[in-house]
Amino acid sequence: MTEYATFIEQLVCAIKSQEPLPAFPESLELDRAYSLLPDVVTGVTGADVAGVKAGLTNPDLRALFGLESSLLGQLYGSGRMQQGQAVPYHEKLAIECEIGIVVDAAGQPRSFGPALEFVCVDFARPEDMTPANLVLCNLGAWGFIQGPQKPWSDHILDSPVVLSRDGETVLETSIGDSLGGPVAALQWMREEAGRRGIPASDGALLMTGTCGGAVPAERGHYKADYAELGSVEFTIA
């Protein structure tokens, strides 16, 4: 039992029940948070880990937190959803348009395509919003939808992304907006995951961070159109 064992049990319970997160221990350091992250992920989803996710990929947000690089978390296998699925409403839930990259056991890319992530960060206290605490709560991982995939290429062209709700555009961005695009994002994520000891098994999905800002998950029918890469549709019910 570590000094954080009781807190991690409380954190896991809050994540699974979609309740506000408990007050975090003071002065938790980033390296320590990464070392404790596997306990949180296992507590939430067991051994069913679907992949790796990038967070705080916006340079302005990183500057706000005094970070030189983005953060990593893991995708709960229990959070995998299907296109067209009704996603339950939660007042703290946000939608992120991303690119998902499927890798093999050696971390080499097989394919890529649209991917939508649903994140929920519900700190009980404003002062708990720190990089270390974000890592320990797994960057608010909640659920995700993997869209259509295309064979990987080291020369991926930029592509527009338009997210609409009930036919009204709520976000316009491009796949190059996060971490310099899929090719640069893959390189950084593999290097950072290796440094942080975060594994990616054969067939793992790497989600490269939000393109454009996160969008509040208001009720309605959504379509994320990635032009020639395809689209993803879902409903917040």
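Tabulated values for the structure
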{"quantity": "Candidates Ala47, Ala23 - the one that is assigned to a loop (DSSP other than H, G, I, E, B), surrounded by 13 or more Cβ atoms within 10 Å (Cβ to Cβ) and either aromatic (Phe, Trp, Tyr) or out of contact with any His (no Cβ under 6 Å at 6 or more places or on another chain) (or both)", "calculated": "Ala23"}
{"quantity": "Selection from the stretch 79-108 of residues that are outside any loop (DSSP other than H, G, I, E, B), touching a helix residue (DSSP H, G or I) at 6+ places or on another chain (Cβ under 9 Å) and surrounded by fewer than 20 Cβ atoms within 10 Å (Cβ to Cβ)", "calculated": "Gly79, Ala94"}
{"quantity": "Of the criteria (1) assigned to a strand (DSSP E or B); (2) crowded, with 20+ Cβ neighbours inside 10 Å, which one Leu139 fails", "calculated": "(1)"}
{"quantity": "Qualifying positions in the stretch 9-34 - within 20 Å of Arg196 (Cα to Cα) and without any contact (Cβ under 8 Å) to a residue 60 or more places away in the chain", "calculated": "Ser27, Asp31"}
{"quantity": "Every residue from the stretch 109-129 that is more than 16 Å from the chain's Cα centre (by Cα) and surrounded by fewer than 18 Cβ atoms within 10 Å (Cβ to Cβ)", "calculated": "Arg110, Ser111, Ala124, Arg125, Pro126, Glu127, Met129"}
{"quantity": "Flag for Gly176 being surrounded by fewer than 17 Cβ atoms within 10 Å (Cβ to Cβ), under 18 Å from the mean Cα position of the chain (by Cα) and assigned to a loop (DSSP other than H, G, I, E, B)", "calculated": "no"}
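Computed from the coordinates by the stated procedures, all read-outs in this text should not be read as laboratory data. Just so you know, these numbers come straight off a predicted model, no measurement behind them. All Cβ positions, glycine included, derive from the backbone under ideal geometry; neighbour counts span all protein chains shown.
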